[in-house]
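Presented below is the structure to which this report refers.
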Amino acid sequence: QSLGFSEAVIRLAERYGLEVKAADEEDAAQFEAERKEKAQLFAQREEQLATFTGKVWDSPALQYLLDRGLTYETIEEWNLGWNGSRVMFPLLDPQGRVVAFTGRVLDDSKPKYKNSCNDLIYQKASMIFGLDKAKEAIVKTGQVIITEGQFDVIRCWQEGIRNMVAVSGSSLTKQMIDTLIRSY
């Protein structure tokens with residue numbers, strides 16, 4: 001499920017009703033603090049997602065997205081949003097949790113794309129856009145198509161090509177390849 005070792009241990013322990021304890025008190029305190037911070041970040045990102053997606057239907061972003069060939073259903077399926085100056089693309093981890101956002105301006109101003117800052121739940125160097133949706137098709141076909149941007153993935157998804165992901169305007173990194181390999 002593309003989980004790190006610690007997350008996998010915790011999920012399995014929860015599933016089987018087992019208690020997980022850190023090796024010492026210092027590790028336990030650090031682990032608990034990190035767990036709380038991650039939970040807070042995930043909750044914050046879900047609130048942001050709700051705000052952005054709620055604004056897209058009455059914004060200049062809607063016409064922009066329609067002009068780019070997206071349907072209303074696709075806009076909703078991919079939770080595209082608006083923050084008042086940029087079209088917002090939620091970036092999801094392989095488990096489908098919102099970890100960050102990429103915003104795109106509607107005009108030619110710079111920077112054209114702006115990503116969330118790296119933090120405890122988001123590292124740009126390992127982010128694969130669309131992997132949460134593409135995992136099943138990648139496993140089924142044994143193939144993955146890697147492209148540069150979100151629009152490429154979303155448009156192809158809309159046309160039925162489901163084993164496509166993007167590196168979100170970044171170079172393909174070892175961490176991204178590791179994320180892909182762990183996903184199936």
Quick check: the angle from helix 25-56's long axis to the longest principal axis of the chain, C-alpha only, nearest 10 degrees?
20
For region 79-184, fraction of C-alpha pairs farther apart than 15 Å, in %:
62
Which of Ala23, Ala50, Ala134 moves the most in a Gaussian network model of the chain with Cα springs under 10 Å?
Ala23
Of the options Asn163, Leu49, Phe129, report the single residue whose Cα projects farthest towards the positive end of the charge dipole of the chain (beta-carbon charges: Lys, Arg +1; Asp, Glu -1).
Asn163
Charge tally for neighbours of Ser171 with beta carbon under 15 Å away, counting Lys, Arg as +1 and Asp, Glu as -1, is 0
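If you take all C-alpha pairs in region 102-159, what percent of them are over 14 Å apart? All intermediate terms of the calculation are to be shown ahead of the outcome.
Numbers: 1091 of 1653 pairs.
Roughly 66 percent, rounded to a whole number.
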Could you compute the net charge surrounding Ile121? Neighbours are other residues with a C-beta less than 13 Å from the C-beta of Ile121; K and R count +1, D and E count -1.
0
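Let me know the volume per residue of the alpha-carbon convex hull for region 77-138, in Å³.
On the way: hull volume 6.5 nm³, N = 62.
Per-residue hull volume (Cα only) is 105 Å³.
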Can you check what the net charge comes to around Val99, using other residues whose Cβ is under 9 Å from the Cβ of Val99 (Lys, Arg +1; Asp, Glu -1)?
0
Could you give the angle, 0 to 90 degrees to the nearest 10, between helix 5-15's Cα long axis and the longest principal axis of the Cα atoms of the chain?
80
Within region 1-150, what whole-number % of the accessible surface is contributed by carbon and sulfur, with the 1.4 Å probe and all protein chains included in the calculation?
50
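Mean 1/r over all different Cα pairs, inverted: what Kirkwood radius does region 1-84 give, in Å?
Values: mean 1/r = 0.0623 Å⁻¹.
For region 1-84, inverting the mean 1/r across all distinct Cα pairs yields 16.0 Å.
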Would you report the distance distribution of C-alpha pairs in the chain as whole percents per 10 angstrom bin, up to the bin with the largest distance?
9, 33, 34, 17, 6, 1
Only Lys, Arg, Asp and Glu count, each charged at its Cβ (+1, +1, -1, -1), so figure out the dipole size of the chain about its Cα centre, rounded to 20 debye.
540
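For the chain, with every protein chain kept in place, what is the accessible area per residue (1.4 Å probe, Å²)?
Values: 10770 Å² over 184 residues.
Value for the chain: 59 Å² per residue.
The values are calculated or read from the model by the stated rules, or taken from the named source; none is laboratory data. None of the values given here were measured: they were computed from a predicted structure. Cβ: placed from backbone, ideal geometry, glycine included. Neighbour counts: every protein chain shown. Heads up: the accessible areas ignore ligands, DNA and RNA and are worked out on the full protein's heavy atoms, side chains in. Shrake-Rupley method; radii C 1.70, N 1.55, O 1.52, S 1.80 Å.
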